[in-house]
Amino acid sequence: MTRIGTASIVAQSSPGTMIYEQFQVEDQGEVWEETGLLIREDMQHIKALPRHPVIEVRAGMLNEGNVQLLAIMVKVQGELYETWFNYHQRGEDSEKYLNDWIEQEDLAVIFFSDTGLERSIRIRNLLSDLAQRALPLLRQAESWTMEDFDAARARLYERYPTVVDLWKALGRVSS
């Protein structure tokens, strides 16, 4: 059983939104925390997924000025989703996410509709190598604000104006 505290946030997001979140998993009496990717999608997309959908992951750390942006993208049956990891996000212990991605064998990709959790798919954790390389660099990097992060991401969007452009770029820098 998976317990996700932000389910209401994901369920209320627009279809096509992806976030990362740490959540509790319980299996045969054991309980642990892990970090997965949560995707908000409409029921038509979720129901159209085959039993074993093709899921690709690309991620990379992009340097923009003094800000290190970690972009994570997932392609599910041709549909692209993106999220951005901010090491200096407010009120969060960012290293817990990176440590999960370093240590986890699997990565949960969890689909939500407006009514809640609909489907969970486990894939090989393709973020481990990148998280392992990124953690020491992020620890050493000069601190930035949320405004700095947003401005740096906006500059990257100018360079990569579509999700396909970003997907292709991450193909060159991904783990």
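The values are calculated or read from the model by the stated rules, or taken from the named source; none is laboratory data. Just so you know, these numbers come straight off a predicted model, no measurement behind them. Neighbour counts run over all protein chains shown; Cβ positions are idealised from the backbone, glycine included.
For ARG133, indicate whether it is charged (D, E, K, R) and either under 18 Å from ILE19 (Cα atoms) or without any contact (Cβ under 8 Å) to a residue 24 or more places away in the chain (or both).
Values: charged (D, E, K, R): yes; either under 18 Å from ILE19 (Cα atoms) or without any contact (Cβ under 8 Å) to a residue 24 or more places away in the chain (or both): no.
No: the conditions fail for ARG133.
Quick check on the stretch 72-80. Is at least one of its residues among the charged types (D, E, K, R) and either in contact with a helix residue (DSSP H, G or I) (Cβ under 6 Å, 6 or more places away or on another chain) or exposed (fewer than 12 other Cβ atoms within 10 Å of the Cβ) (or both)? If you could, list the steps in order and put the result at the bottom.
Of all residues in the stretch 72-80, those among the charged types (D, E, K, R) come to 75, 79.
Checking which are either in contact with a helix residue (DSSP H, G or I) (Cβ under 6 Å, 6 or more places away or on another chain) or exposed (fewer than 12 other Cβ atoms within 10 Å of the Cβ) (or both) leaves us with none.
No, because not a single residue in the stretch 72-80 is among the charged types (D, E, K, R) and either in contact with a helix residue (DSSP H, G or I) (Cβ under 6 Å, 6 or more places away or on another chain) or exposed (fewer than 12 other Cβ atoms within 10 Å of the Cβ) (or both).
Inspect the stretch 117-128 for any residue being without any contact (Cβ under 8 Å) to a residue 24 or more places away in the chain and outside any loop (DSSP other than H, G, I, E, B) and give the result as yes or no. Give the derivation first.
Step one: of the stretch 117-128, the residues without any contact (Cβ under 8 Å) to a residue 24 or more places away in the chain are 122, 124.
After this cut, where a residue has to be outside any loop (DSSP other than H, G, I, E, B) as well, the list is 122, 124.
Within the stretch 117-128 (the criterion being without any contact (Cβ under 8 Å) to a residue 24 or more places away in the chain and outside any loop (DSSP other than H, G, I, E, B)), the answer is yes, since at least one residue qualifies.
How many of the residues in the stretch 81-93 are buried (at least 16 other Cβ atoms within 10 Å of the Cβ) and of a type outside the set (A, V, I, L, M, F, W, C)? I'd like the intermediate steps shown before the answer.
Start the filter on the stretch 81-93 by keeping residues that are buried (at least 16 other Cβ atoms within 10 Å of the Cβ), which leaves 81-88.
Checking which are of a type outside the set (A, V, I, L, M, F, W, C) leaves us with 81-83, 86-88.
So the count comes out to 6.
Restricting to the stretch 25-65, name every residue that is among the aliphatic types (A, V, I, L, M) and either farther than 15 Å from SER120 by Cα or part of a helix (DSSP H, G or I) (or both).
Initial filter on the stretch 25-65 (among the aliphatic types (A, V, I, L, M)): 25, 31, 37-39, 43, 46, 48-49, 54-55, 57, 59, 61-62.
Within the stretch 25-65, VAL31, MET43, ILE46, ALA48, VAL57, ALA59, MET61, LEU62 qualify.
Against the condition in a strand (DSSP E or B), modelled with pLDDT under 95 and surrounded by 12 or more Cβ atoms within 10 Å (Cβ to Cβ), how does GLN68 come out, does it pass? Before the answer, list the steps.
Numbers: in a strand (DSSP E or B): yes; modelled with pLDDT under 95: no; surrounded by 12 or more Cβ atoms within 10 Å (Cβ to Cβ): yes.
So GLN68 fails the test.
Looking only at the stretch 94-116, which residues are in contact (Cβ under 8 Å) with a residue 40 or more places away in the chain and among the β-branched types (Val, Ile, Thr)?
Within the stretch 94-116, VAL109, ILE110, THR115 meet the criteria.
Can you tell which of TYR81, TYR20 is assigned to a strand (DSSP E or B), modelled with pLDDT of 95 or more and within 23 Å of ASP114 (Cα to Cα)? Break it down stepwise before answering.
On the way: TYR20 fails: modelled with pLDDT of 95 or more.
After applying the criteria, what remains is TYR81.
Of all residues in the stretch 40-63, count the ones that are in contact with an Asp or Glu (Cβ under 9 Å, 6 or more places away or on another chain) and surrounded by 20 or more Cβ atoms within 10 Å (Cβ to Cβ).
The total comes to 2.
Just checking, how many residues over the stretch 26-39 are surrounded by 10 or more Cβ atoms within 10 Å (Cβ to Cβ) and not aromatic (Phe, Trp, Tyr)? Give the steps one after another, and end with the answer.
Residues of the stretch 26-39 surrounded by 10 or more Cβ atoms within 10 Å (Cβ to Cβ): 26, 31-39.
Next cut, not aromatic (Phe, Trp, Tyr) only: 26, 31, 33-39.
Residues in the stretch 26-39 being surrounded by 10 or more Cβ atoms within 10 Å (Cβ to Cβ) and not aromatic (Phe, Trp, Tyr): 9 in total.
Of all residues in the stretch 122-175, which are among the small types (Gly, Ala, Ser), at pLDDT below 95 and surrounded by fewer than 17 Cβ atoms within 10 Å (Cβ to Cβ)?
ALA141, SER143, GLY171
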